[in-house]
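Engineer: Below is one structure. I have some questions about it.
Please treat every number below as a calculation from the coordinates, not as lab data. Model, not experiment: these values are computed from the prediction. Note: ideal-geometry Cβ built from the backbone for every residue, glycine included; neighbour counts use all protein chains shown.
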Amino acid sequence: MGNQVSVAFEEAAGRVQHLKTTPTEEQKLKLYALYKQATSGDNYRPEPTDILAFKEKKKWKAWEELRGVPCAEAEEQYIALVQELEKA
């Protein structure tokens with residue numbers, strides 16, 4: 001089953017570039033975090049300390065909030081979110 005989820009995940013990652021409506025900033029952050037968790041596991045990067053790195057801090061925090069979520073579960077959540085966005 002893991003391979004099936006991975007294939008579906010890769011397909012969803014490809015489709016996200018062609019959504020009819022642009023995701024909100026919150027949805028983009030969720031997509032980013034789920035993608036990173038699914039492909040890299042727990043966040044291993046140190047928190048950005050540059051006060052001007054606002055976007056990087058938001059991305060880091062979104063990924064960090066998924067710490068402990070198994071890669072396969074992150075893949076499933078990513079696929080579900082892409083499917084939801086495709087319906088919008």
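Engineer: Could you give me the ³J(HN,Hα) list for the stretch 30-39, computed from phi with Karplus coefficients 6.51, -1.76, 1.60 and θ = phi - 60°, whole Hz, x at Gly and Pro?
Structural biologist: Result, ordered by residue: 5, 4, 4, 5, 5, 4, 5, 5, 5, 9 Hz.
Engineer: Can you list the aspartates and glutamates whose alpha carbon sits under 19 Å from that of Lys57, skipping same-chain ones fewer than 8 residues off?
Structural biologist: Glu25, Glu26, Asp42, Glu47, Glu65
Engineer: Run the numbers on the chain and let me know its relative contact order in percent, using alpha-carbon pairs under 8 Å that are six or more apart.
Structural biologist: Contact order relative to length: 45 percent.
Engineer: Another question, if that's okay. Determine the gain in length on full extension of the stretch Lys28-Thr49; use 0.36 nm per residue of separation and subtract their C-alpha separation, reporting nm with one decimal. Working shown, then result.
Structural biologist: Details: separation 21, 0.36 × 21 = 7.56 nm, distance 2.21 nm.
This chain segment gains 5.4 nm when fully extended.
Engineer: To the nearest 500 deg cm²/dmol, what mean residue ellipticity at 222 nm is calculated for the chain from DSSP H runs of n ≥ 4 alone, each contributing -39,500 (n - 2.57), summed and divided by the residues? Walk me through the numbers on the way to the answer.
Structural biologist: Values: 4 runs with 58 residues, N = 88.
So the helix-based figure for the chain works out to -21500 deg cm²/dmol.
Engineer: I would also like to ask the following. Could you work out the local net charge near Ala80, counting Lys and Arg as +1, Asp and Glu as -1, over the other residues with Cβ closer than 12 Å to its Cβ?
Structural biologist: Working: positive: Lys30, Lys87; negative: Glu73, Glu75, Glu76, Glu84, Glu86.
Here the count lands on -3.
Engineer: Turning to a different aspect of this structure: Set Lys and Arg Cβ to +1 and Asp and Glu Cβ to -1, take the dipole of the chain about its Cα centre, and tell me which of Ile51, Tyr32, Thr21 lies farthest positive.
Structural biologist: It is Ile51, whose Cα lies furthest towards the positive end.
Engineer: Compute the length gained on full extension between Glu84 and Arg67: take 0.36 nm times their separation in residues and subtract their Cα-Cα distance, giving the result in nm to one decimal.
Structural biologist: Length gained, Glu84 through Arg67: 3.8 nm.
Engineer: Here are several values of semi-axes √(5λ) of the Cα gyration tensor in Å: (i) 25, 16, 11; (ii) 29, 20, 13; (iii) 23, 17, 9. Which one was derived from the coordinates shown?
Structural biologist: (iii)
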